[in-house]
Structures are given as C-alpha cells and as structure tokens.
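First up is the structure itself, then whatever we jot down about it.
The values are calculated or read from the model by the stated rules, or taken from the named source; none is laboratory data. These numbers were taken from a predicted model, which means no experiment stands behind them. Please note: Cβ atoms are built from the backbone with ideal geometry, for glycine as well, and neighbour counts cover all protein chains shown. Protein only, heavy atoms only, side chains kept; ligands, DNA and RNA dropped before computing areas. Shrake-Rupley method; radii C 1.70, N 1.55, O 1.52, S 1.80 Å.
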Amino acid sequence: MECQDCGQRDAKLQVTTIIDGEMLTLDLCSECAAERGAPTTPPAPLADFLAQLGPEPPGTGVLSEPCPYCGITEGEFRQTGRLGCPQCYAHFEPQLRGLLRRLHGSPQHVGKLYMSAGSEAGDEIARLSAMRRRLKRAVETEDFELAAELRDRIHEAESAE
Amino acid sequence: MIRRGGELTSQGLGWAHGDGVDSEIVVSTRVRLARNLQGYPFPLRASEEDRARVLETVRSALGSITTTPDIDVWEIDDLDERQRDLLTERRIASRELVGPGRGDQSHAALALWSDDSIGVMVNEEDHLRIQSITGGFDPEETWRTVDRLDERMGELLAFAFHHEYGFLTACPTNVGTGLRASVLVHLPGLVLTKEIRKVLEGIGQVGLTYRGLYGEGSEVVGNLFQISNQTTLGKQEEELVGHLTRVVAKVIDYERSARAVMLREAPSVLEDKVWRAYGILRHAHSLSTEEMMNLSSAVRLGLSLKLLKMPRVQTLNEILIFGQAGHLAYAAGGSLGESEADAARSAYVRTRLEADEE
Ligand SMILES: [Zn+2]
Ligand SMILES: [Zn+2]
C-alpha cells in the first residue's frame, strides 16, 4: 500500500489524526508520519540499552565466568538485558561500570541510603546518620508526617544505645 | 489487615476520579520503586521455591505493617486470564506481572491498599515494585507516598543494596534509586497543531522518555502520552521527580497554548469535531477500542475547552477502563468475538454517556 500523504513511498504505519475536523486513520510512510508528529521510533530504554550492550563484549571478546551465585552467563545477560541476582553486580562489575555510566551518565548512587535491619554495630552509626539525612530532607520538603516518624525512630535508636 | 483479594469491583479505580491537579490535561501520575531482597535470585531467574519464599516473606512484612486501610492480595497464579486482564486494564498491575509467559508457578502477586493509595507488585521482574497512582498531576506527593512505604518495608525486609550502585535491580536500567515516575498526559492540541514532534524530541533531549498509553508501538491512539524519567542512577530521588515535574509542567503549558490557538483560529471546526465525536460515541452501535479512544480524546478536549458540559472526566476515564476487551468479557461472563466486543463496547459507552446527560 502506498503512503496516503506523499503517494510515493510504501506505507509503514497507521497514524490516527484529525484533519479539518475529521478523525482519520491514515496509512503513512515513516517520513510523512513523522511530519504529522507521530513518534515513529519512540525511545525505548531497554532497546537502546540492548543495542549498547551488543552481542559481544568489547575488546578481547572473552566472556567472563558465569555468576557463581545464580549461574547466569554474560551471554544470557547480553541477550535479555537482565541480571540474575544481586551478586551479579559484583561479579560482572568490570563490564557493568562503563555500561552504567553510559546508561545513566553516572555510576554512583546518590539517592536514599539503606541499611538493612539486623546490621552490625558499626552499621548502626551509619544507619543513624542516614536517618538524620532523611530527616533533614523530610523537613526541607515539608513532609512533616515522615519527619515525625523519623524523629521517633532516631530517638528510639539513640536511647537503645 | 491482609485480605485475600476477591472479585474485583471498584478497586484500582482511585486514579480515575478526574478531579486532580491539571486534570483537564493530565490523566494520572505514577511513581514506582524497584526493590529486591538479599539472598534470592531475581524472580525471572529464581527457582519456584525461591519465588514462593519471597512472596511469603513480603506477605508477612505487609502483615506486620499497621495500616488503617486493609490490604488486598491477589495471587496471580490463582486468577484466570480475564481476571488478570482486569488488573492490567485498571493499570494497577503490569503485563510483566500477570503474563502471558509466567506459567502457573510464578508466585507473582499484587498487594493493593483498599483505599487505592498504594500497592506492591511481588515477583514481577524485581521482587518488589512499590507503586502509587494518583489522578491528575502530582509527582511530589505521589513520590512521598511511595517513599514512606519504602521506608517501612525497608525496615522489615533486607533489601539488596550496593554502596556504589544503590538499590540493585534485575535490569541495570532501573538500578540506583529504582525510581520511575511517569505522568500520563493528553495532548490533542500539540498533535493537531503538529507541535508534538518537537515537544517529544525536546523531552528526549532532557533525559526523559515517552510512550503511547498502552505502549503498542508507533501508533498514536487517543493522543495520550506517558512521560517518565529515563535514568535512575546518579541523581537523588527528589531531583528525578523535580525534573520530571518541571518538564511536564512546561509540556502542559505548551498544550494549553496549542488549545488556545485552535480555539482562536478554528473555533467552529473544533466545535463541530468535538460534537461529532460525542455524537458517534453517544449513538454508535459498534466501536473498536481505537475508535473509542480517539473519539473520547476529542470529547475530553471539548470538555476542557468548555465546548461540552458533559460527560464528566471520570466517566471518560472509566470508559477507557471498562471499554477494554477484558472488562467487557468479564461483564458479559464469557469471551467475546471482535464484533461482539465492539457491540458491547458501544452499548457500555452509550449507557455511561446517557447517564451523564441527565
Ligand atoms: Zn509518505
Ligand atoms: Zn548472579
């Protein structure tokens, strides 16, 4: 079928639009569809990401060992874009570091800090300071409900020491 | 209290009320956080036993949270295909959660607070997806809702966290904050004035991404676009949410100007189009999903420009939910062929519009 706009190229897309008050579905080539404002290739994070991964690792072409915890191979990861377990991040770190930088613009987390329940005593101090940081932000963003909750928890933790 | 999720009635419709901030342009705001438990492979890699254990662990954590509203938990393995469709059509569960392709041992579940304020998907691509959907434009408050539950869940569960990479997720595109904030916007003005391409390109250039409402490739249906943050690592949660908020506020401004231009330059064309769309929706005896979405887009535009006084925005939102194949089949009590579904859809729409005329 030929494009209903230019009548030259092959129609590849259906675009629903309104022309002179009429709601129409047009068969268009991608150029004319773009002309009408249709997002012909919406950016898909995962597709971009897999394209960046490529089928082979850069350089040597040598794949690393499978993750010792979940058994996923680098090839499987490159195929699916999914890691197998939290330990994969340490195991595939050499490959991931550059990738994360390209994907996100930075490989360093600066958001919420997390200390899991049942952490060691040394972690307890870090946990408290993380909570204090959260409290400060809660006050700054006027989230008084969260602030009150955090204040209680900090108080609890301090009196338990 | 935790309840076993029963028949779906009005649950999951909380975002559809139609009177949130900027609701003449913004349908809804969603924020989700991806979290995983230490010591288990991610769900798609985990054994069936591990997924079952993850679900039990999360369920018992939910049980010890003291919440005023009850929490309904639906185990996806127990639901038939139609019930699964209801969850995705209400946008409270993802396709990834309910399948197809998950088998009947996924141990995937949806926990939903009975006031619709927040929910948790368990054993989706990540062990937990904490998410909240609000009607209208409210990223900051929606984020705070999710943040508060994350804080409590984080004390009850041991999340996988890395000092450099933050919260660890199955897909590296979600790692760090695990945060995805998105706003569903209705942009007929920008589409009609052919400004949409520029705007969408601009969105891509400032680190955000977009897609059509139900993500079905390149076709623009119903002029609905979902705009969200693309990156999750290297910025604080508040920065990500703030950036999205500022950019979408700009898009809303552009849409308002485009509507004003159309109203100024082609008022009678616009009025005719809106009323024609209403006429077809109100009287047709067969409607495809696509027709329904496109016509209701024109009616939605007409409402916001005060060219129409009815139906209510809530009705239009609910039509987009109850007019979908799964809901129609569920209401009919059996599966429907395409032409039967088109007939059932038009009957449903007629009834809803008629009720609003009174
Ligand atoms: Zn063409
Ligand atoms: Zn692994």
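Within a straight-line Cα-Cα reach of under 28 Å, B:LYS273 can be paired with the following lysines, leaving aside sequence neighbours fewer than 8 residues apart in one chain: A:LYS12, B:LYS194, B:LYS198, B:LYS250, B:LYS306, B:LYS309. Estimated from helices alone, the mean residue ellipticity of chain B at 222 nm is -14500 deg cm²/dmol (sum of -39500 (n - 2.57) over DSSP H runs with n ≥ 4, per residue). Between A:MET1 and B:GLU49, the distance separating the two model label sites (each 7 Å from Cα on the Cα→Cβ line) works out to 5.4 nm. For the segment B:226-234, counting C-beta atoms of other chains within 10 Å of every residue's C-beta and taking the mean gives 5.
Using the Cβ-Cβ distance between B:MET1 and B:ASP77 with R0 = 35 Å, the FRET efficiency computed as 1/(1 + (r/R0)^6) comes to roughly 0.95. Given a 1.4 Å probe and the protein chains as shown, A:ASP5 ends up with an accessible area of around 70 Å². Take the protein assembly as shown with all the other protein chains still there, run a 1.4 Å probe, and you get 43 Å² of accessible area per residue. Averaged over peptide B:153-163, the number of partner chain Cβ atoms lying within 10 Å of each residue's Cβ comes to 4. Modelled spin labels at B:GLU338 and B:THR9, positioned 7 Å past Cα toward Cβ, are 3.7 nm from each other. Note on B:ARG95 and A:PHE144: their simple-model spin labels are 4.5 nm apart, each label 7 Å out from Cα toward Cβ. A 1.4 Å probe over all protein chains sorts B:HIS327, A:HIS155 by accessible area into A:HIS155, B:HIS327, starting with the largest.
Among the protein heavy atoms, those of B:ASP272 account for about 70 Å² of accessible surface (1.4 Å probe, every chain in place). For chain B, the longest principal axis of the Cα atoms and the long axis of helix B:289-304 meet at an angle of about 70 degrees. Once the Cβ-Cβ distance of A:ASP10 and B:LYS198 is raised to the sixth power relative to R0 = 35 Å, the FRET efficiency obtained is 0.85.
Other protein chain C-beta atoms within 10 Å of residue C-beta, averaged over A:100-107: 6.
Placing a label point 7 Å from the Cα of B:GLU239 along the Cα-to-Cβ line, the residues of the stretch A:94-114 whose backbone N sits under 16 Å from it are A:101-113.
Can you pull out the chymotrypsin sites (Phe, Trp or Tyr not before Pro) in the stretch B:137-171 whose DSSP state is coil and whose Cβ has at most 12 other Cβ atoms within 10 Å? Qualifying residues, ordered by number: none. Centre-to-centre, using Cα atoms only, the stretch B:57-128 and the stretch B:159-176 are separated by 22 Å. Since only B:HIS162, B:VAL175, B:TRP113 are under comparison, the one whose Cα sits farthest along the positive direction of the charge dipole of the stretch B:112-175, derived from C-beta charges on Lys, Arg, Asp and Glu, is B:HIS162. Across the stretch B:163-172, rounded Karplus estimates of 3J(HN,Hα) from the backbone phi angles (6.51 cos²θ - 1.76 cosθ + 1.60, θ = phi - 60°) give 4, 9, 9, x, 6, 8, 10, 4, 9, x Hz, Gly and Pro being marked x. For A:LYS112, give me every one of the lysines with a C-alpha distance below 25 angstrom, ignoring sequence neighbours fewer than eight places off in its own chain. Within the straight-line cut-off, A:LYS112 pairs with A:LYS136, B:LYS235. Chain B packed on chain A takes about 5700 Å² of accessible surface away from a 1.4 Å probe, both sides summed.
In order along the stretch B:157-162, phi translates into HN-Hα couplings of 10, 9, 6, 6, 9, 10 Hz, rounded to whole numbers, per the Karplus curve 6.51 cos²θ - 1.76 cosθ + 1.60 with θ = phi - 60° and x for Gly and Pro.
Over the Cα atoms of chain B, the radius of gyration divided by the Kirkwood radius equals 0.98; this is the Rg/Rh ratio.
Surface composition of the stretch B:2-184: carbon and sulfur atoms hold 45% of the protein heavy-atom accessible area at a 1.4 Å probe.
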